[in-house]
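Everything on this sheet refers to the single structure shown next.
The values are calculated or read from the model by the stated rules, or taken from the named source; none is laboratory data. This structure is a prediction, so every number in the text was calculated from the model and none was measured. Glycine also receives a Cβ, built like all others from the backbone with ideal geometry; neighbour counts cover every protein chain displayed.
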Amino acid sequence: MSTYFPSGKGLAESKKWFVVDASGKTVGRLATEVARILSGKNNPAYTPFMDMGDHVIVVNARKAVFKGSKNDQKMYRHHTLYPGGLREVAVKDMFEQKPERIIELAVRGMLPKTKLGKAMAKKLKVYADADHRHTAQKPEAITIETK
């Protein structure tokens with residue numbers, strides 16, 4: 001009796017492409033499911049130290065929603081590395097300017113903070129509207145159930 005162990009050969013060719021529609025979905029719940037697909041945890045041959053995940057295209061990021069008071073209170077912060085360089089952007093402003101960035105930040109925060117996590121994050125494509133430019137990859141549409 002031997003245990004199946006995936007080799008690193010041919011991993012790039014076996015990756016699938018999925019399209020997820022974010023309209024009406026909660027940002028956090030959408031991000032957890034997308035992170036699972038990117039990391040490959042939905043794959044039966046999942047191996048923690050290999051990039052077993054698939055590519056994910058998220059469309060209609062502008063129509064994703066925050067529940068509760070997050071829409072009014074949540075702030076995105078970053079520091080410019082200069083004295084007094086803490087910058088804050090509210091969720092409402094971020095949705096108006098860059099709605100794709102909200103989904104990217106949510107998913108990236110749920111991936112590992114290593115080289116492997118960066119490789120997983122590169123497989124995420126987010127678009128604010130319904131059209132995307134990855135039709136040549138023949139992506140499969142999947143629905144993510146959020147409660």
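A compact table of results
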{"read-out": "Whichever residue in region 1-46 is among the polar types (S, T, N, Q) and part of a loop (DSSP other than H, G, I, E, B) and, among such residues, is surrounded by the most Cβ atoms within 10 Å (Cβ to Cβ)", "value": "Asn43"}
{"read-out": "Single condition Leu111 does not satisfy, out of (1) part of a loop (DSSP other than H, G, I, E, B); (2) loosely packed, with under 14 Cβ neighbours inside 10 Å; (3) not polar (S, T, N, Q)", "value": "(2)"}
{"read-out": "Criterion violated by Met75 - all others in (1) touching a residue at least 12 places away in the same chain (Cβ under 8 Å); (2) on the phi > 0 side of the Ramachandran plot; (3) surrounded by fewer than 13 Cβ atoms within 10 Å (Cβ to Cβ) satisfied", "value": "(2)"}
{"read-out": "Answer residue from region 40-91, given it is of a type in the set (Asp, Glu) and out of contact with any Leu (no Cβ under 8 Å at 6 or more places or on another chain) and is nearest to Leu105 (Cα to Cα) among those", "value": "Glu88"}
{"read-out": "Cross-chain or 6+ apart pairs with Cβ under 7 Å, region 12-40 first and more than 18 Å from Leu116 (Cα to Cα), then hydroxyl-bearing (Ser, Thr, Tyr)", "value": "Lys25/Thr146; Thr26/Thr146; Arg29/Thr146; Leu30/Thr146"}
{"read-out": "Complete set of residues in region 126-143 that are loosely packed, with under 12 Cβ neighbours inside 10 Å, in contact (Cβ under 8 Å) with a residue 24 or more places away in the chain and among the polar types (S, T, N, Q)", "value": "Thr143"}
{"read-out": "Contacts under 6 angstrom Cβ, first residue in region 80-96 being under 27 Å from Arg62 (Cβ atoms) and touching a residue at least 24 places away in the same chain (Cβ under 8 Å), partner among the polar types (S, T, N, Q) and outside any strand (DSSP E or B), 6 or more apart", "value": "Val91/Asn71"}
{"read-out": "Asp131, sole failed condition from (1) assigned to a helix (DSSP H, G or I); (2) charged (D, E, K, R); (3) under 16 Å from Ala22 (Cα atoms)", "value": "(1)"}
{"read-out": "So Lys98, is it closer than 18 Å to Gly24 by Cα and in contact with a strand residue (DSSP E or B) (Cβ under 7 Å, 6 or more places away or on another chain)", "value": "no"}
{"read-out": "Pairs, first modelled with pLDDT of 95 or more in region 100-118, second crowded, with 17+ Cβ neighbours inside 10 Å and of a type in the set (Lys, Arg), C-beta under 8 Å, six or more apart", "value": "Gly117/Arg108"}
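The rows are residues; the columns are (1) among the basic types (Lys, Arg); (2) surrounded by 11 or more Cβ atoms within 10 Å (Cβ to Cβ).
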site: Asp51; (1), (2): no, yes
site: Val65; (1), (2): no, yes
site: Gly85; (1), (2): no, no
site: Glu88; (1), (2): no, no
site: Lys92; (1), (2): yes, yes
site: Leu124; (1), (2): no, yes
site: Glu145; (1), (2): no, no
